[in-house]
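**Student:** Pasting a structure below so you can have a look.
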Amino acid sequence: MKTRYFVPLIFVVAILLITYCFPRQGKFQYSFSEGRPWQYELLTAPFDFPIYKSEAQYKAEQDSILAYYEPYYIIDTSVEKNALAEFDADINLNANLRNLDPPYITYIRQKLLEVYKQGIMNSEEYDKIAASQTRSLRLKEGNMANSRSIESFHTIRSAYEKILNERPGSLSENLLKSANINNYLRENIIYDASTSEKARNEFIQQVSPSSGMVQAGQRIIDRGEIVDAKTYAILSSLKRVTEERSGGATRGYWTLFGEFMLVLVLIGSFYLYLLFFRPMEYRNRQHVMFMLLLITFFVILTAFSVRFNLFNVYIIPYAIVTILIRTFIDSRTALFASIITILLSSLMVSYPFEFIVIEISVAMVSIFMLKELSERSQLIRSSFFILLTYILVYVGLSLYSQGSLEAVNWVVLVYFLINFIFIMFSYLLVYIFEKSFGFISGVSMVELANINKPLLKELSEKTPGTFQHSMQVSNLATAAAAKIGANASLIRTGALYHDIGKIMNPAFFTENQSPGMNPHAGLPFEESARIVINHVKDGVKIAKQNGLPQQIIDFIETHHGTSIPRYFYVSWKNANPDKEINEEAFRYPGPNPFTKETAIMMMADAVEAASRSLTEYSEETLQNLVNRIIDTQVAEGYFKKAPITFKDIDTTKDVFVEKLKIIYHSRIAYPELNKPEAKSLV
């Protein structure tokens, strides 16, 4: 799908997703918390409404009355009938019973009738009722349900023990045990679930969910008054009734439409910002998806937190949006994206003004602290400053609104501390997003620029001349990038790797050749050109094998653009004046530079290489060299796709001249020590 369709499409998806996840309850226009001052004008009851009890109070009262609730059970008469029938049959069939004397049979049967009449129930249910406050249950017999103490019932074990313990002295306990009486003991008191549940609900309904009424027009609270427990209950009840009343279909549709309009305007403004002020980012699908993913995730996380009351929103580390976008893109975009995230989230939270002031302050501090991320310790240090900002701004707002430290809710500081812990792990997210989206952070660039890295070490050992050339190009390009506002860290790293393809054939490049050594001697010009041109393709291959990010590979591919190795091209034409040359055999594969950094890199590479051929290093010769090479590159159109201005190019020229003057400055000639003349002996 083309970018002009893809980018608007994912913005539409983000808008719909955020709108869908907005909390669906009706809107109550006031935000309040117990123990905090009322920030609005005088509030009176707009209509009659009950004062609902808190969930904790309502549940406590329900639990209190349920202490007197008795579950319902029924007698299953078929259990006794079947057990006795089985016993009577076993008298003739079971050897253990057949060998017993008649008094044993008579005693066992009488006791079975007795325990079944008293009732046998499940041992777990027996223990549960025995542990209750009433220690009783209701036994249904016909249309009547009588309350009976749990002690009047048996479990299978207690029934068995009763039969053994109450035997006459003439009967042997061992013989009774041999009759396997427990085979005929079964539970005949069965829990009646439907009747019990109905009775339980009736018990619960005796507890009123409200504790009074507020009449229309009654004064509730005025500005500056503290929301105490009683007032909090009244406000919560008004909010609940208001939200229930706003639940109608028509009103619900208008609310949903309003939410959609707000999300559309805010997300749409971010779309227009990218379109008009960051066109390069707008055309980069990965960057757009990355930023929208961050914004959408944090807004939806806020929505879920508010809708399901999961945790306080100050636990959510919104600063991560700022940190990640600042790390991979730029500070202005990071601030804009953070403001969009904060404004969308503020539509859902209590005290939106406080939330906006605190979170925007934190976003700005995050940007200031990460001017250029080049060390892991910067993230740790910035986390502490973010925590300090949270605390200072929150306490400041509390003192501003109330004028007393009593207004500070110290629990909120614990939320800030949890937020701080999450932000401490943001470096892990930097690594994850680098691998997921192919980004490269300042920290990674510093690590890649370490000359002890295996690939750079191999470059310095196999191609020492190329390595020195790369170092000088890096110095030139970095100085120019810093002067015109390009990414100096990126170009420093890209310059070190731009010629790694020369590792494959180091001797074919002048800077690595010893005096008198020329492997091109005797080779056709086309073959020599092919070997030289292939160092770009070889460099891309080596870079991919070593896992270098695409941003570094871009420098390898573009540092010659689609230019030609002029030495072999001109040599071929001079040797074959009557033949038509195949220019494609003498042209680098490209592409041409397409960023400010790759354009600087192409200029620095050509200037540094050409400067080695000068015989005189005066300011004039250096100025002429730099102007000639860069003007030729401009004239041949190598920078048409790069966002670099003529002013940037002129500044780059001046930087190159100044740096080359320092590199090739004249050295003083050290005088020789005169040897004293030998004195003649007389």
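**Student:** Looking at (1) farther than 30 Å from Ala482 by Cα; (2) buried (at least 20 other Cβ atoms within 10 Å of the Cβ); (3) among the small types (Gly, Ala, Ser), which is the one condition that is false for Ser350?
**Tutor:** (2)
**Student:** For region 215-227, which residues satisfy the criterion of being in contact with an Asp or Glu (Cβ under 7 Å, 6 or more places away or on another chain) and exposed (fewer than 13 other Cβ atoms within 10 Å of the Cβ)?
**Tutor:** Residues satisfying the conditions are Gln215, Ala216, Arg223.
**Student:** Return yes when Lys128 is assigned to a helix (DSSP H, G or I), within 59 Å of the chain's Cα centre (by Cα) and in the same structural domain as Leu185 (by TED's automatic domain parsing) and no when it is not.
**Tutor:** yes
**Student:** Just checking, which of Ala642, Ala678 is more than 17 Å from Val473 (Cα to Cα), in the same structural domain as Met603 (by TED's automatic domain parsing) and either modelled with pLDDT under 95 or not charged (D, E, K, R) (or both)?
**Tutor:** Ala642
**Student:** Does region 602-609 contain at least one residue that is closer than 30 Å to Ser436 by Cα and surrounded by 22 or more Cβ atoms within 10 Å (Cβ to Cβ)?
**Tutor:** Scanning region 602-609 turns up at least one residue that is closer than 30 Å to Ser436 by Cα and surrounded by 22 or more Cβ atoms within 10 Å (Cβ to Cβ).
**Student:** Given the criteria among the basic types (Lys, Arg) and surrounded by 17 or more Cβ atoms within 10 Å (Cβ to Cβ), does Arg148 qualify?
**Tutor:** The answer is yes for Arg148.
**Student:** I've got another one for you. Considering only residues that are among the hydrophobic types (A, V, I, L, M, F, W, C) and under 20 Å from Met445 (Cα atoms), which ones fall in region 350-402?
**Tutor:** Residues satisfying the conditions are Ile367, Met369, Leu370, Leu373, Leu379, Ile380.
**Student:** Given Tyr58, Tyr73, which one is within 13 Å of Ser211 (Cβ to Cβ), in contact (Cβ under 8 Å) with a residue 60 or more places away in the chain and either outside any loop (DSSP other than H, G, I, E, B) or among the charged types (D, E, K, R) (or both)?
**Tutor:** Tyr58
**Student:** Which members of region 263-315 meet the condition of being closer than 30 Å to Gln551 by Cβ and either outside the structural domain of Ile340 (by TED's automatic domain parsing) or of a type in the set (D, E, K, R) (or both)?
**Tutor:** Arg278, Glu281, Arg283, Arg285
**Student:** Just name the residue that is modelled with the lowest pLDDT out of those in region 193-210 that are of a type outside the set (Ser, Thr, Tyr) and over 17 Å from Tyr68 (Cβ atoms).
**Tutor:** That would be Pro209.
**Student:** Right, another one. Restricting to helices (runs of 4 or more DSSP H) lying wholly in region 498-594: which have 1 or more residues that are touching a helix residue (DSSP H, G or I) at 6+ places or on another chain (Cβ under 8 Å) and over 30 Å from Glu281 (Cβ atoms)?
**Tutor:** Where helices (runs of 4 or more DSSP H) fall fully within region 498-594 and carry at least 1 residues being touching a helix residue (DSSP H, G or I) at 6+ places or on another chain (Cβ under 8 Å) and over 30 Å from Glu281 (Cβ atoms), they are 525-545, 566-575.
**Student:** Taking the criterion of being at pLDDT 85 or above, of a type in the set (Asp, Glu) and under 30 Å from Leu164 (Cα atoms), would at least one residue in region 52-69 satisfy it?
**Tutor:** Scanning region 52-69 turns up no residue that is at pLDDT 85 or above, of a type in the set (Asp, Glu) and under 30 Å from Leu164 (Cα atoms).
**Student:** On the basis of being under 27 Å from Asn284 (Cβ atoms), in the same structural domain as Gly539 (by TED's automatic domain parsing) and free of Cβ contacts under 8 Å to residues at least 12 places away in the same chain, does Glu461 make the cut?
**Tutor:** So Glu461 fails the test.
**Student:** Of these, Ala193, Ala233, Ala159, which one is within 30 Å of Ala85 (Cα to Cα) and surrounded by 12 or more Cβ atoms within 10 Å (Cβ to Cβ)?
**Tutor:** Checking each option against the conditions leaves just Ala159.
**Student:** Turning to a different aspect of this structure: Taking Ser147, is it in the same structural domain as Leu171 (by TED's automatic domain parsing), over 14 Å from Leu185 (Cβ atoms) and not charged (D, E, K, R)?
**Tutor:** yes
**Student:** Let me spell it out: the conditions are (1) in contact with a helix residue (DSSP H, G or I) (Cβ under 7 Å, 6 or more places away or on another chain); (2) among the polar types (S, T, N, Q); (3) part of a loop (DSSP other than H, G, I, E, B), and Thr389 meets all of them except one. Which number is the exception?
**Tutor:** All conditions pass for Thr389, except number (3).
**Student:** If you check Asn174, Asn183, Asn188, Asn165, which single one turns out to be assigned by TED's automatic domain parsing to the domain that holds Ser149, modelled with pLDDT of 85 or more and in contact with a Ser or Thr (Cβ under 8 Å, 6 or more places away or on another chain)?
**Tutor:** Asn188
**Student:** Is there any pair with a first residue in region 564-577 that is closer than 21 Å to Met602 by Cα and a second that is assigned to a loop (DSSP other than H, G, I, E, B) whose Cβ atoms are under 6 Å apart and which are 6 or more apart or on different chains, and what are they?
**Tutor:** Ile564/Arg587
**Student:** Let me ask something else. Out of the residues in region 61-70 that are of a type outside the set (Gly, Ala, Ser) and touching a residue at least 40 places away in the same chain (Cβ under 8 Å), state the one that is farthest from Glu202 (Cα to Cα).
**Tutor:** Only one residue fits best here, namely Glu61.
**Student:** From the list Glu34, Glu41, pick out the single residue that is outside the structural domain of Ser404 (by TED's automatic domain parsing), surrounded by 14 or more Cβ atoms within 10 Å (Cβ to Cβ) and closer than 30 Å to Tyr400 by Cβ.
**Tutor:** Glu34
**Student:** Can you tell me which residue within region 384-398, out of those that are out of contact with any Ser or Thr (no Cβ under 7 Å at 6 or more places or on another chain) and among the hydroxyl-bearing types (Ser, Thr, Tyr), is farthest from Asn409 (Cα to Cα)?
**Tutor:** Tyr390
**Student:** Given the conditions (1) at pLDDT 90 or above; (2) out of contact with any Asp or Glu (no Cβ under 9 Å at 6 or more places or on another chain); (3) surrounded by 18 or more Cβ atoms within 10 Å (Cβ to Cβ); (4) closer than 18 Å to Lys462 by Cβ, and given that Ile552 satisfies all but one, which numbered condition is not satisfied?
**Tutor:** Result: Ile552 fails condition (4) only.
**Student:** To continue, here is another question. Would it be correct to say that Val570 is surrounded by 15 or more Cβ atoms within 10 Å (Cβ to Cβ) and β-branched (Val, Ile, Thr)?
**Tutor:** Criteria not met by Val570.
**Student:** Still on this structure, I have one more. If you scan region 217-231, which residues turn out to be among the small types (Gly, Ala, Ser) and in contact with a strand residue (DSSP E or B) (Cβ under 8 Å, 6 or more places away or on another chain)?
**Tutor:** If the condition is that a residue be among the small types (Gly, Ala, Ser) and in contact with a strand residue (DSSP E or B) (Cβ under 8 Å, 6 or more places away or on another chain), then Gly217, Gly224 are the ones that fit.
**Student:** Provide a single number: the residues in region 288-310 that are touching a residue at least 60 places away in the same chain (Cβ under 8 Å) and under 17 Å from the mean Cα position of the chain (by Cα).
**Tutor:** 10
**Student:** Would you say Phe467 is within 21 Å of Leu548 (Cβ to Cβ) and either at pLDDT 90 or above or assigned by TED's automatic domain parsing to the domain that holds Ser489 (or both)?
**Tutor:** It is true that Phe467 is within 21 Å of Leu548 (Cβ to Cβ) and either at pLDDT 90 or above or assigned by TED's automatic domain parsing to the domain that holds Ser489 (or both).
The values are calculated or read from the model by the stated rules, or taken from the named source; none is laboratory data. Keep in mind that what you see is a predicted model, and the values were worked out from it rather than measured. A quick note on method: Cβ atoms are made from the backbone with ideal geometry, for glycine too, and the neighbour counts reach across all protein chains shown.
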